[in-house]
1. Give me, ordered by chain and number, the residues 5 or more places off A:GLY72 or on other chains with an amide H under 5 Å from its own placed amide H.
2. At a Cα cut-off below 23 Å, give the lysines reachable from B:LYS141, other chains included and same-chain residues fewer than 8 away excluded.
3. For the pairs A:LYS30/B:LYS71; A:LYS125/B:LYS71; A:LYS30/A:LYS142, note any where the Cα-Cα span goes beyond 24 Å.
4. About its Cα centre, how strong a charge dipole does segment B:24-171 have in debye, to the nearest 20, once Lys and Arg get +1 and Asp and Glu get -1 at the Cβ?
5. If you count, for every residue in B:87-97, the Cβ atoms of partner chains within 10 Å of its Cβ, what is the mean?
6. Sort largest first and round to whole Å: the equivalent ellipsoid semi-axes of segment A:1-58, each the square root of five times a Cα gyration tensor eigenvalue.
7. Specify whether the C-alpha gyration tensor of segment B:72-172 places it in the rounded, prolate or oblate class, a ≥ b ≥ c being the square roots of the eigenvalues: rounded for a/c under 1.5, otherwise prolate if a/b is larger than b/c and oblate if not.
8. Please report, to one decimal in angstroms, the Kirkwood hydrodynamic radius of chain B built from all distinct Cα-Cα pairs.
Amino acid sequence: MQRIDAIRDIARKAGQDDALLVCNIGIPCKELYSVCDTPGNFYMLGSMGLASSIGLGLALSLPRRMIIAIDGDGSVLMNLGSLATIATQAPENYLLVIIDNGSYGSTGDQPTATSKGADLAEIAKGAGNSRVCRTDSHEKLKHILQGNDHGIVVVKVDPGNADVPNISMCPGDIMRRFMAGSYQPSD
Amino acid sequence: MVKPLPVDVTSPEAVYQGMKRAGIDFVVSVPCLNLKEVIPMVDRDPDIIHVPVTREEEGVGVCAGAYMGGKRPAMLMQNSGLGNSVNALASLNQLYGIPLVMIISHRGVEGEPICAQVPMGELTTQLLEILEIPYFIPDSKADAIEKIQVAWKTALEGRRPSAVLLPIPFWR
């Protein structure tokens, strides 16, 4: 399974559940933009490591809206404390999906620690999160996404980036469009 | 209706009242000894969502999400955490125009007993200036109530982070 396959499934779930979707820096943002661009997508273009934190802030502020964050292994490793904070807050409207390809895919595929044995699902559990799923199967990912509206999912994918265009929106437009929709229709 | 200010307001009460009058309803915190009484006040307030975080940079992200979800966010922190937050303040808040007020216990200045606090203490205002983050230094407890409100207004209207620096003498 490639990362863009997982992103396509996550975007489909976000659409079905009217969820807001925060996406991790770099090529994951471009892949999401290419498979499903909607006002409910927040493309995080900088601040590497903070996608899971932005998602948590949204989830706590909009308790009646489902929030999904797409993060990556390199980014989660940069902000591991976020897993502990998510565990202490444990919002029931927040699903964090960590797509683990074992590499810094946007900077030349340098290996991350997960390619040497670091286990993000175990780290998430050890940080206190009680609902953690893991899979490396595309079919199982679809099943997990159908059955889980909160918690943490770690999905192993192959390294590699899809050949997708750049995001044509400027940060201010991404923000305005996202915020215009973030209170509707559930709030 | 906001209650009138007691004449003998304490420093923690002034910080808390400033946040309340500014309409702050979402607070992340990383502890400092000087914040030890403010943090429980925030935590007890049913109208404030309080999220203790592990590192200030993480807090910048949580606050950005809160703002995007309609909240008025503030971060209670020590000035050492400003150094931990620089990339996020620039490539998240400034890039997208996201307001945030940082209420900062400013260590490493007058009256500091711990030498390790001094280097960042001396760099703090320079860092804020180079980041083009407006900052306010209250000259009294009553002024802190005012300055926190001004700092939030500055952040909101400028769509940017702002800071209130509260040095060691403020807490005495």
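1. Amide H to amide H, under 5 Å and 5 or more residues apart or across chains, A:GLY72 pairs with A:ILE99.
2. B:LYS3, B:LYS20, B:LYS36, B:LYS153
3. Where the Cα-Cα span goes over 24 Å, the pairs concerned are A:LYS30/B:LYS71; A:LYS125/B:LYS71.
4. Charge dipole, segment B:24-171, about its Cα centre: 260 debye, nearest 20.
5. Working: counts 5, 8, 1, 2, 8, 9, 2, 2, 9, 14, 4.
That works out to 6 on average.
6. 17, 14, 10
7. Values: a/c = 2.40, a/b = 1.29, b/c = 1.86.
Oblate shape, in that a/c is at least 1.5 and b/c is the bigger or equal ratio.
8. Working: mean 1/r = 0.0637 Å⁻¹.
One decimal place: 15.7 Å for the Kirkwood radius.
Each reported figure results from applying straightforward, stated rules to the coordinates on display, with no laboratory input. Quantities reported herein were computed from a predicted structural model and do not represent experimental measurements. Cβ sites come from the backbone with ideal geometry, for glycine too, and all protein chains shown count toward neighbours.
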